[in-house]
Amino acid sequence: MAYGWHGTERDVSGVYEGDRPAIARLWAFWAGGKDFNPVDRALGEKVAARSPQVESLARHRLAFRSRVTRALVGEGVDQLLVIGVDLPMDDEVHTIAQSINPDVRVVYADTDQLVMLHADAYFSSDRAGTCGFVRAGVADSRAVLNGAAEILDLNRPVAVLLINSLDVLGDPQAVAALTVFRTELAAGSYIAFCHLTAEHDRRLVELGHMCADVAPGPPGVRNPEVLETLCAGMVLVEPGLVPAQTWRPDPGQRPVPGGVDLWCGVGRIRGPRSVFIPSPSPSSSL
């Protein structure tokens, strides 16, 4: 069962300030969800009017998130680290994963205030011990791992899901974050990501300008060739780096007409590396 996020939002009213658009809430708006504020709606409508494809991209992101979670858990992964949290609409990652293997452990990491308020309420429930939340984002990847180590065994393989977070980083930040994951996680770990491109709709390049005030940062586009360079040091699993709708589509899934400016991939970390030892970091907590 999905968690009652709206009830939590009522409980914390007066604490949360929602006068700045946030990327998690924007994606929720574009995907047809309900967890967003008036400022998110206003910006979301402006962006969608300029580039209508963004609404279908939001749905493709969530569909990839579901498929890759099922695929990784189905192949034996029992630890997931989700960095950049979607406000729930359909199935959350832990719901999907634990429906396949009830023993799967899932840690979410984000810096969005509303997401954190929801998580504080949710993970103080009976899911404590199998699910957790880290107050850190992908730009502070070491803090993410330090916090995640309280629930996950980082000396065993972990699947990192970067579903809505990599495209808010500049090139140096993205390379730095991925380098930390590749060097600190155990061999056999995975990094799954999806990323905006502008191969078919060049207007998506304008997202950075239109969303300049979005927290934690404006989404940007990269072409597939640049995305491939970000996968250096990993082995891409089949079908490789591809448009979202072609990454292991569900049986019977209808072909998507036209191009989709969202590319996805899953890389396997080869290793080896030394035993993971968390370093002190005041910016992370569960």
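Packing here is the average count of other Cβ atoms within 10 Å per residue, and on that basis the peptides 169-177, 191-199, highest first, run 191-199, 169-177. I want to make sure I understand the PRE zone here: with the label point 7 angstrom from the Cα of ASP213 toward its beta carbon, which residues in region 33-70 have backbone N atoms less than 19 Å away? Under cut-off, by backbone N: 36-50. Taken along the Cα-to-beta-carbon direction at a fixed 7 Å, the label points for ASP19 and ALA49 span 2.4 nm. Each of GLU199 and GLU150 was given a label point 7 Å from its Cα along the Cα-to-Cβ line. The distance between the two points is 4.1 nm. With a cut-off of 10 Å between beta carbons, the residues surrounding MET234 carry a summed charge of +3, where Lys and Arg count +1 and Asp and Glu -1. Ordering of 153-165, 54-66, 219-231 by packing is 153-165, 54-66, 219-231, highest average first (other Cβ atoms within 10 Å, averaged per residue). Remark: spin-label model distance ALA42-GLU225 equals 4.0 nm, labels positioned 7 Å along the Cα→Cβ axis. Fully extending the segment from VAL235 to ASP91, taken as 0.36 nm per residue of separation minus the present Cα-Cα distance, adds 49.0 nm.
Quick note: the coordinates plus some simple rules give every number you see, no bench work behind them. Keep in mind the model is a prediction, meaning the values are calculated, not measured. Please note: Cβ atoms are built from the backbone with ideal geometry, for glycine as well, and neighbour counts cover all protein chains shown.
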